[in-house]
Amino acid sequence: MKRQIIGVAVVLSMAIIGLAQPKGQTVTVKGEAVDLWCYMEGGDRGPAKKDCATACAKAGNPIGIVDAKGAVYLTAGLEDHQPARDLLINKMNEQVTATGTLVTKGGTKMLFVKTVK
């Protein structure tokens, strides 16, 4: 009986985890990791703004990726609802290649990042 209960618990846990994952295409995005507050307010990006962007991201500002065409991707971590900050904080205002699940709603593109190079 104990084994059956444990088995059911494992199956239910796996189902819940599976339901909590974002639904979308797996994509790779190449672009610059930016502090979205500074980027959206004043267009700040590039190596000269790295220290400021890093400080703002550490303070909790959202991080995005701006691709070569100017498309902006809001980022979040994919694994265990991890914040994107954990994946991108050391790469602020640098070119990155991020792979993850892309979800688009209401004109917003959100990349749930799995890996960053």
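The values are calculated or read from the model by the stated rules, or taken from the named source; none is laboratory data. These numbers were taken from a predicted model, which means no experiment stands behind them. Backbone-built Cβ (ideal geometry, glycine too); neighbour counts: all protein chains shown. The accessibility values were calculated without ligands, DNA or RNA, using every heavy atom of the protein model including side chains. Shrake-Rupley method; radii C 1.70, N 1.55, O 1.52, S 1.80 Å.
Table for the structure above
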| quantity | calculated |
| --- | --- |
| Listed peptides 71-79, 28-36, 51-59 by packing density, highest first (mean Cβ within 10 Å) | 28-36, 71-79, 51-59 |
| 11 Å beta-carbon shell around Gly64, net charge (K/R +1, D/E -1) | -1 |
| Rounded to 5, the percent of DSSP beta bridges in the range 46-117 classed as antiparallel | 75 percent |
| Which listed pairs, of Lys23/Lys50; Lys49/Lys105; Lys49/Lys109; Lys50/Lys114; Lys49/Lys114; Lys30/Lys109, have C-alpha distances above 21 Å, in listed order | Lys23/Lys50; Lys49/Lys105; Lys49/Lys109; Lys50/Lys114; Lys49/Lys114 |
| Separation in nanometres of the label points that stand 7 Å from Cα toward Cβ, at Glu79 and Lys114 | 1.2 nm |
| Rounded accessible area of Thr104 (nearest 10 Å², 1.4 Å probe) | 80 Å² |
| Pairwise FRET efficiency - Ala59 versus Val103, Cβ, R0 = 35 Å, nearest 0.05 | 0.85 |
| Dipole moment magnitude, nearest 20 debye, the range 41-83 about Cα centre, only Lys, Arg, Asp, Glu C-beta charged | 200 debye |
| Simple spin-label estimate for Glu94 and Ala71 in nanometres, 7 Å along Cα-Cβ | 2.4 nm |
